1. Tell me, yes or no, whether segment 64-75 has at least one residue that is assigned to a helix (DSSP H, G or I), within 16 Å of the ligand (Cβ to nearest atom) and under 16 Å from residue 246 (Cα atoms).
2. Would you say residue 99 is surrounded by 19 or more Cβ atoms within 10 Å (Cβ to Cβ), away from the ligand (no atom under 16 Å from the Cβ) and within 15 Å of residue 161 (Cα to Cα)?
3. Sort out for me the helices (runs of 4 or more DSSP H) sitting completely within segment 130-201 that have 1 or more residues that are within 16 Å of the ligand (Cβ to nearest atom), closer than 14 Å to residue 215 by Cβ and at pLDDT 90 or above.
4. Select, from 46, 110, 84, the only residue that is within 23 Å of residue 235 (Cα to Cα) and touching a helix residue (DSSP H, G or I) at 6+ places or on another chain (Cβ under 6 Å).
5. With respect to residue 185, determine if the residue is over 17 Å from the mean Cα position of the chain (by Cα) and on the phi > 0 side of the Ramachandran plot.
6. Got a sec? Which of 113, 120 is surrounded by 21 or more Cβ atoms within 10 Å (Cβ to Cβ) and at pLDDT 90 or above?
7. Picking from 238, 249, 253, 214, which residue would you name as being touching a residue at least 24 places away in the same chain (Cβ under 8 Å), within 14 Å of the ligand (Cβ to nearest atom) and assigned to a helix (DSSP H, G or I)?
8. Pairs under 9 Å by beta carbon, first residue in contact (Cβ under 8 Å) with a residue 12 or more places away in the chain in segment 274-297, partner crowded, with 17+ Cβ neighbours inside 10 Å and part of a loop (DSSP other than H, G, I, E, B), six or more apart or different chains?
Ligand SMILES: [Zn+2]
C-alpha cells in the first residue's frame with residue numbers, strides 16, 4: 001500500500017461518508033519556504049461530519065479542508081449579499097438565512113437519525129430551494145459583480161479555516177512564527193491579543209490565538225481601504241456563521257440522542273388513516289466556545305479597523321455588517337424547525353413517511369438535492 005492510499009484509508013476510517021477526497025502534501029502546495037519541517041498532508045473532501053479538521057497519524061498530520069462547510073458558507077454569504085443588495089426587503093433575507101440553516105440542520109440530523117422527522121425537515125428545504133434559492137443562483141449567474149464577491153468571500157472564509165489549523169501547526173512546531181504575526185499592524189495585533197486573553201481559559205486562548213493567525217493571514221496584501229474593510233467584515237461574518245453552523249450541528253447531535261431513546265418509527269404503508277401531527281422534539285444546543293470566539297474575533301477586528309481610523313460596522317459597501325452580527329446569525333438557527341407554510345409541512349411529512357424503509361430512495365434524494373440547481377456532473381464513489 002503506498003503513502004497516499006494509506007492516508008486515504010485512514011481518512012475513510014475516520015470519515016466514512018467523506019466524498020471527493022483529494023490529498024496533497026504541503027511540500028507540493030506551499031511554494032514559499034515557511035520552514036515547516038516535514039510539513040503536513042492537506043486533504044480536501046466533502047463530508048457532513050464537520051469536526052476533526054486536524055488528524056494526527058504515524059506518518060504526520062493531515063489538515064482537512066471540508067468543502068461541505070465552504071458550500072454552506074458560500075450559500076449563506078450569497079443570501080446575505082442578495083438580502084442587502086438585491087432583495088425587496090429584509091423578510092426575504094431572514095427567510096433565506098433560516099432556510100439555509102434548516103437545510104444544514106436537516107442534513108446533520110438525517111445523517112445521525114434517519115427518522116420520518118429528519119426526512120421531512122430535509123424535504124421542506126428541497127421545496128424551498130426551488131422557490132427561493134433559484135432566485136439567488138440566477139442573480140449570481142447573470143451578475144458578475146455578485147458572483148465575484150461571493151466567490152472571493154468563499155475563498156477567504158475557507159482560507160481562514162485553513163490558516164486557523166495551520167496556526168495549531170505553528171504553535172506546536174514553530175512557535176517563533178507568532179512573533180512576526182504579533183508585530184503586524186504596528187504591533188497592534190500582539191497588544192490586542194494579550195489584552196483579550198488575560199482572563200481566558202487556556203484552551204480557548206489557544207484557539208483564539210490560532211484565529212488571530214487566520215485574521216492576520218486574511219488581511220495581508222489588501223489593495224485599498226474598501227478591500228481592507230471588506231476582508232475584516234468577511235472574517236467576522238465567517239466566524240458568526242461558523243458559530244451558528246456548529247451550534248446547529250450540536251443541536252442535531254443532541255436531538256438525535258433524544259430520539260434514540262424513543263421507540264423506532266412505526267409506519268404502516270398500508271394504513272391510509274390520517275396520521276397525527278408530527279412533533280419534532282428538539283433538544284437545542286449551542287457551541288458556546290465558538291460563539292465566545294466569534295465575539296472575540298468581532299472585537300478584535302473592530303480594534304484593528306479603528307487603528308486605521310475606520311469603522312468595522314456599517315450599511316455601506318457590498319457587505320453591510322451590523323454590530324449584532326454574531327447574535328443575529330446564531331439567532332437564525334433557533335428558527336430552523338419553524339415552517340410558516342402548512343401545505344409544505346404536510347406534504348413533506350407525507351413523503352417522508354412514504355420513504356420509510358426505503359433507504360436507497362432517500363439516499364438518492366439526499367445526494368441529488370446537493371446538485372439540485374447545479375450544472376456540475378458529480379460522480380459519487382460507490
Ligand atoms: Zn483549533
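The values are calculated or read from the model by the stated rules, or taken from the named source; none is laboratory data. Please read all numbers here as calculations on a predicted model, not as lab measurements. With ideal geometry, Cβ positions are generated from the backbone for all residues, glycine too; neighbour counts draw on all protein chains shown.
1. Step one: of segment 64-75, the residues assigned to a helix (DSSP H, G or I) are 67-75.
Retained after the next criterion (residues that are within 16 Å of the ligand (Cβ to nearest atom)): 69.
Okay, now just the ones that are also under 16 Å from residue 246 (Cα atoms), so 69.
Yes - at least one qualifying residue is present in segment 64-75.
2. No, not satisfied.
3. Details: elements: 134-142, 144-173, 177-182, 188-197.
In segment 130-201, 144-173, 177-182, 188-197 are the helices (runs of 4 or more DSSP H) which contain 1 or more residues that are within 16 Å of the ligand (Cβ to nearest atom), closer than 14 Å to residue 215 by Cβ and at pLDDT 90 or above.
4. Just one listed residue meets the conditions, 46.
5. Working: over 17 Å from the mean Cα position of the chain (by Cα): yes; on the phi > 0 side of the Ramachandran plot: yes.
In short, yes.
6. Numbers: 113 fails: surrounded by 21 or more Cβ atoms within 10 Å (Cβ to Cβ).
One residue alone meets the criteria, 120.
7. Among 238, 249, 253, 214, only 214 is touching a residue at least 24 places away in the same chain (Cβ under 8 Å), within 14 Å of the ligand (Cβ to nearest atom) and assigned to a helix (DSSP H, G or I).
8. If the second residue must be crowded, with 17+ Cβ neighbours inside 10 Å and part of a loop (DSSP other than H, G, I, E, B), the pairs left are 280/337; 282/336; 282/337; 284/334.
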